[in-house]
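Below is one structure, written out as structure tokens, with a few remarks after it.
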Amino acid sequence: MSIVTSQEMFAKAYAGGYAIGAFNVNNMEIIQGITEAAKECNAPVILQVSSGARKYANRTYLVKLVEAAVIETGLPICLHLDHGDSFELCKACVDDGFSSVMIDASSKPFEENVALTRQVVEYAHAHGAVVEAELGTLAGIEDDVKVKAEDSSYTRPEDVQEFVERTGCDSLAIAIGTSHGAYKFKPGTKPQLRFDILEEVSERLPGFPIVLHGSSSVPQEYVQMINAFGGDMPGAIGVPEDQLRQAARLAVCKINIDSDLRLAMTGTIRKYLAEHPAEFDPRKYLGPARENIKQLVKHKIVDVLGCDGKA
């Protein structure tokens with residue numbers, strides 16, 4: 001088994017009414033927690049890397065860690081660039097062995113988005129990689145992606161067919177009400193995804209894989225854990241998991257999860273160090289953090305994505 005593209009994963013997911021988890025990775029423990037969970041659930045998985053994670057962990061280390069996960073698990077694992085903002089970055093990741101890249105030109109005018117996406121598609125396809133593109137703009141913050149709520153916009157269903165046909169992209173991220181980061185919605189509100197937009201997009205693009213970004217649910221046990229040990233995260237509300245499961249039953253084949261992993265790791269470490277203030281062995285607090293990431297990912301795979309047993 002080697003690093004694979006997402007094409008076969010998405011074809012099976014679309015037909016089966018489930019989604020593949022795309023989990024952001026930054027270090028060894030996060031990769032181990034995710035892939036151990038996927039192995040125990042016999043689930044396909046996408047490990048995705050932002051430009052910030054690539055700079056932090058070093059491009060060579062990250063690829064080798066993912067290759068090690070393939071060897072250890074024997075699973076189909078896709079290595080994906082999340083939110084690539086230039087042709088040069090996407091090209092570099094393809095050259096490094098990524099099997100999938102996202103070119104995010106969603107903030108640009110439609111014609112510029114088409115032209116840049118097409119350029120990335122031509123290079124990636126010539127080198128055996130696939131491309132995710134985006135129409136519509138999500139609010140929130142994720143590494144270098146920062147969009148104010150007033151600058152966000154829902155995807156226009158009437159644009160999607162032309163965009164896909166002209167660019168040749170392999171999957172499309174759309175904006176239907178999700179948001180990057182942990183502070184997605186105002187306290188006391190009931191978030192509601194725009195399933196009407198998703199349904200119209202899927203009618204215009206039958207059989208085509210759709211992607212949801214900003215889909216962390218912000219597990220309150222970890223928010224409370226962080227707050228109990230020196231944190232300050234008032235009003236952190238995420239996307240309801242029942243709505244994500246509904247999206248997975250429709251045309252959504254890839255659901256991105258990042259903030260939940262960060263919360264699980266940070267909350268666990270804060271708690272451990274507060275209870276063991278003299279501890280200085282990183283293995284002692286990174287081990288429990290890795291285990292909690294594993295348990296969180298197993299929950300997502302089984303209860304939200306529905307991709308357990310689908311590897």
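The values are calculated or read from the model by the stated rules, or taken from the named source; none is laboratory data. Small disclaimer: the values here were computed from a predicted structure and weren't measured. Every residue, glycine among them, receives a Cβ derived from its backbone with ideal geometry; neighbour counts consider all protein chains shown. Just the protein is used for accessible areas: all its heavy atoms, side chains included, with ligands, DNA and RNA removed. Shrake-Rupley method; radii C 1.70, N 1.55, O 1.52, S 1.80 Å.
Which pairs break 21 Å Cα to Cα here: K39/K284; K55/K108; K91/K310; K190/K298; K271/K294; K254/K294? Don't skip to the answer; put the middle values down first.
Numbers: K39/K284 24 Å; K55/K108 24 Å; K91/K310 30 Å; K190/K298 25 Å; K271/K294 17 Å; K254/K294 19 Å.
Violating the 21 Å Cα-Cα cut-off are K39/K284; K55/K108; K91/K310; K190/K298.
Please get the size of the charge dipole for the range 1-86, origin at its Cα centre, with Cβ charges of +1 on Lys and Arg and -1 on Asp and Glu, quoted in debye to the nearest 20. All intermediate terms of the calculation are to be shown ahead of the outcome.
Numbers: 6 positive and 8 negative charges, 37 e Å.
About 180 debye.
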For the chain, what mean projected area does the convex hull of the alpha carbons give, in nm²?
-> 14.8
A chain fully extended from F110 to F195 at 0.36 nm per residue, minus the present Cα-Cα distance, gains in nm 28.3 nm
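With r as the distance between the Cβ atoms of Q246 and E165 and R0 = 30 Å, compute the FRET efficiency 1/(1 + (r/R0)^6) and round to 0.05. Display every interim value, and only then the final one.
Numbers: r = 28 Å, r/R0 = 0.93.
Once rounded, the FRET efficiency stands at 0.60.
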Which value, in debye to the nearest 20, gives the size of the charge dipole of the range 233-296 about its Cα centre, when Lys and Arg are +1 and Asp and Glu are -1 at the Cβ?
-> 180
Spatial separation of Cα centroids for the range 53-91 and the range 264-311, in angstrom | 21
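Which peptide among 26-36, 276-286, 248-258 comes first, and what is the full order, when sorted by highest mean count of other Cβ atoms within 10 Å?
Values: 26-36: 21.6, 276-286: 11.5, 248-258: 24.2.
Descending packing order for the listed peptides: 248-258, 26-36, 276-286.
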Roll a 1.4 angstrom probe over the protein heavy atoms and tell me the percent of accessible area of the range 186-311 that is carbon or sulfur.
-> 51
Residue span E275 to Y154: 0.36 nm per residue of separation minus Cα-Cα distance leaves a gain in nm of 39.1 nm
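Do you know the relative contact order of the range 11-168, to the nearest whole percent, from alpha carbon pairs under 8 angstrom that are 6+ apart?
16
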Quick calc: nm separation of the 7 Å Cα→Cβ label points for K12 and Q119 -> 3.6
Positive end of the charge dipole of the range 12-144 (Lys, Arg +1 and Asp, Glu -1 on Cβ, about the Cα centre): tell me which of N42, S107, I31 has its Cα farthest that way.
-> N42
